[in-house]
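To start, the structure under review is shown below, and the notes come after it.
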Amino acid sequence: MLIAEIREAVINGQAKVVATKVEQALNEGVPADRILHDALIDGMREVGELFEQGEFFVPEMLIAARAMKGALEILKPRLVAQGVEPLGRVAIGTVKGDLHDIGKSLVAMMLEGAGFEVMDLGVDVAPEKFVEALQNGAQIVAMSALLTTTMSNMKATIDAIAAAGLRDKALVMVGGAPVTQAYADQVGADGYAPDASAAVRKARELIAS
Ligand code: B1M
């Protein structure tokens, strides 16, 4: 019952309700990983579907993601204590020269919500920062670009990763309004996603591959 209520509150973006009910569930002995998977992740999966069906828009997605992020902060210590392994480690950032933050942050939140450990490098991220993140344990490099003038920094980053001898170990994902599958193929990325929920699916696919 509580699980269903938390799930519903995530979908509706009710951050306070989610936080209160997550605390209540923990106090009643519901395992943290059950809250994570059956309430939070399943709620966000539905939010992603509603977005794809055109029933939810970016604001609803952001509000739901914030509600989920608040709950994750409460669950984090318990999940670590339970030894739940993250699905994978992603370093995400908007490429060098580009200050657009919203889409990248949305993808980061959705990935975190899906169970990935996310290193958010922010905006205007130089190629060497992505390389550094790989050296610090990231498995996926996820790059966002909103400007046609900054897209080329995706290729510059992939080149920097190769120059550092890490291309074989790194999974590279790209996205952002001007980016297409054809562009991703052209620059040699391993994956492209047109929106945040597709980005989660693509990251899962890459880790499994
Ligand atoms: Co800028 N801007 N902007 N802007 N801005 C655009 C991108 C633009 C299309 C507007 C326009 O002209 N119609 C245009 C780019 C034109 C082009 O290159 N073809 C533009 C321009 C020109 C500029 C400036 C150059 C303007 C100027 O100063 N003359 C300047 C550049 C600054 C810079 O970056 N160096 C600039 C500045 C800004 C603001 C700072 C004012 C502000 C950003 C604020 C912020 O981010 N904190 C801003 C905004 C808000 C926009 C628009 C209006 C909205 C962008 C946005 O947040 N969308 C934008 C027009 C538009 O897109 N309609 C525009 C919502 C967001 C959720 O979507 O980021 O696409 P999006 O993310 C989606 C998907 O793309 C995908 O998932 C997300 C969720 O579905 N996705 C990924 C994104 N990253 C992904 C990564 C993945 C996978 C999927 O895997 C790794």
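State all residues of the range 86-97 that are in a loop (DSSP other than H, G, I, E, B), open to solvent by 10 Å² or more (accessible area, probe 1.4 Å) and more than 9 Å from the ligand (Cβ to nearest atom); if no residue qualifies, say none. Show your work before the answer.
First pass over the range 86-97, keeping only residues in a loop (DSSP other than H, G, I, E, B): 86-88, 96-97.
Filter once more, keeping what is open to solvent by 10 Å² or more (accessible area, probe 1.4 Å): 86-87, 96-97.
Hits for the range 86-97 are PRO86, LEU87, LYS96.
Scan the helices (runs of 4 or more DSSP H) fully inside the range 98-209 and keep the ones with 3 or more residues being within 7 Å of the ligand (Cβ to nearest atom) and either of a type in the set (Ser, Thr, Tyr) or open to solvent by 10 Å² or more (accessible area, probe 1.4 Å) (or both).
On the way: elements: 102-113, 127-135, 152-163, 181-187, 196-208.
Per the criteria, 102-113.
Being assigned to a helix (DSSP H, G or I) and among the small types (Gly, Ala, Ser) is the filter here, so list the residues in the range 11-48 that pass it. Walk me through how you get there before you give the answer.
Pass one, the range 11-48, residues assigned to a helix (DSSP H, G or I): 11, 15-27, 32-48.
Answer for the range 11-48, where residues must be assigned to a helix (DSSP H, G or I) and among the small types (Gly, Ala, Ser): ALA15, ALA19, ALA25, ALA32, ALA39, GLY43, GLY48.
Among (1) within 14 Å of the ligand (Cβ to nearest atom); (2) free of Cβ contacts under 8 Å to residues at least 60 places away in the same chain; (3) under 16 Å from ARG7 (Cα atoms); (4) under 16 Å from the mean Cα position of the chain (by Cα), which single condition is LEU50 missing?
(4) is the only condition that LEU50 fails.
Working only within the range 131-154, note down all residues that are within 20 Å of ARG204 (Cα to Cα) and free of Cβ contacts under 8 Å to residues at least 60 places away in the same chain.
The first filter runs over the range 131-154 and keeps only residues within 20 Å of ARG204 (Cα to Cα), leaving 133-134, 137-144.
Selection gives ALA133, LEU134, GLY137, ALA138, VAL141, MET143, SER144.
Give the range 11-32 a look and list any residue that's crowded, with 16+ Cβ neighbours inside 10 Å and modelled with pLDDT under 95, or say none.
ALA32
Select from the range 53-85 the residues that are without any contact (Cβ under 8 Å) to a residue 12 or more places away in the chain and crowded, with 16+ Cβ neighbours inside 10 Å and list them in ascending order.
PHE56
Against the conditions (1) closer than 24 Å to ARG201 by Cβ; (2) over 17 Å from the mean Cα position of the chain (by Cα), where does ILE74 fall short? Just the number, please.
So the condition that ILE74 fails would be (1).
For the subset of the range 1-10 comprising residues that are assigned to a helix (DSSP H, G or I) and without any contact (Cβ under 8 Å) to a residue 60 or more places away in the chain, which member is surrounded by the fewest Cβ atoms within 10 Å (Cβ to Cβ)? So that I can check it myself, show each step before the final result.
So in the range 1-10, the residues assigned to a helix (DSSP H, G or I) come out as 2-10.
Now restrict to residues that are without any contact (Cβ under 8 Å) to a residue 60 or more places away in the chain: 2-5, 7-9.
Details: LEU2: 14, ILE3: 18, ALA4: 12, GLU5: 16, ARG7: 22, GLU8: 16, ALA9: 24.
In this case the residue turns out to be ALA4.
The values are calculated or read from the model by the stated rules, or taken from the named source; none is laboratory data. Predicted model only: the values in this text are computed from it and were never measured. Here Cβ is always computed from backbone atoms with ideal geometry, including for glycine, and neighbour counts include all displayed protein chains. Heads up: the accessible areas ignore ligands, DNA and RNA and are worked out on the full protein's heavy atoms, side chains in. Shrake-Rupley method; radii C 1.70, N 1.55, O 1.52, S 1.80 Å.
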